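The values are calculated or read from the model by the stated rules, or taken from the named source; none is laboratory data. Note that the structure is a prediction, hence the values are computed from the model and not measured. As a convention, Cβ positions derive from the backbone with ideal geometry for all residues, glycine included, and neighbour counts pool all protein chains shown.
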């Protein structure tokens with residue numbers, strides 16, 4: 001399985017902003033949801049410029065084990081994101097990706113008289 005859809009969207013997250021695993025899954029209509037996006041983030045290849053550190057839990061928390069959590073915290077703080085008591089204020093730093101448009105075409109209803 002390829003994670004390219006996930007990585008393309010993660011690359012769009014602006015510096016100094018974060019989004020959630022679930023928001024990424026919803027935007028790309030990933031059937032496996034947030035868990036699958038988490039697997040993709042865990043498998044992020046180095047050297048491709050994918051800002052994996054900008055993806056966090058829906059509660060605004062870093063959910064990876066140490067030492068990766070410390071690295072993620074440092075990278076976010078370097079971008080000016082306040083990681084207070086382990087959580088990030090999504091109202092300040094949150095970013096929502098645009099959802100893919102449905103491929104179903106909308107049909108106009110004809111009114112009957």
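Could you run through the range 1-19 and say how many residues are free of Cβ contacts under 8 Å to residues at least 60 places away in the same chain and under 19 Å from residue 81 (Cα atoms)?
Number satisfying all stated conditions: 2.
Answer yes if at least one residue in the range 43-54 is within 20 Å of residue 85 (Cβ to Cβ) and in contact with a strand residue (DSSP E or B) (Cβ under 9 Å, 6 or more places away or on another chain), and no otherwise.
Yes, because at least one residue in the range 43-54 is within 20 Å of residue 85 (Cβ to Cβ) and in contact with a strand residue (DSSP E or B) (Cβ under 9 Å, 6 or more places away or on another chain).
Within the group 28, 81, which residue is within 15 Å of residue 3 (Cβ to Cβ) and in contact (Cβ under 8 Å) with a residue 60 or more places away in the chain? So that I can check it myself, show each step before the final result.
On the way: 81 fails: within 15 Å of residue 3 (Cβ to Cβ).
Going through 28, 81 in turn, the sole match is 28.
Looking at residue 50 and the list (1) surrounded by 19 or more Cβ atoms within 10 Å (Cβ to Cβ); (2) touching a helix residue (DSSP H, G or I) at 6+ places or on another chain (Cβ under 6 Å); (3) not in a loop (DSSP other than H, G, I, E, B), which single condition is not satisfied?
(3)
Tell me which of these residue 35 doesn't satisfy, since it passes every other one: (1) part of a loop (DSSP other than H, G, I, E, B); (2) loosely packed, with under 14 Cβ neighbours inside 10 Å; (3) under 13 Å from the mean Cα position of the chain (by Cα).
Among (1) part of a loop (DSSP other than H, G, I, E, B); (2) loosely packed, with under 14 Cβ neighbours inside 10 Å; (3) under 13 Å from the mean Cα position of the chain (by Cα), residue 35 violates only (1).
Quick check on my filter: what residues within the range 17-32 are part of a loop (DSSP other than H, G, I, E, B) and either within 13 Å of residue 96 (Cα to Cα) or out of contact with any helix residue (DSSP H, G or I) (no Cβ under 8 Å at 6 or more places or on another chain) (or both)?
Residues satisfying the conditions are 17, 29, 31.
Does any residue in the range 66-78 that is more than 14 Å from residue 17 (Cβ to Cβ) come within less than 7 Å, Cβ to Cβ, of a residue that is assigned to a helix (DSSP H, G or I) six or more places away or on a different chain, and which pairs are these?
Sorted first by the residue in the range 66-78, then by its partner, the pairs are 72/53.
Please work out which residue is modelled with the highest pLDDT, limiting yourself to the range 70-103 and to residues that are part of a strand (DSSP E or B) and touching a strand residue (DSSP E or B) at 6+ places or on another chain (Cβ under 9 Å).
For the range 70-103, the residue satisfying everything is 94.
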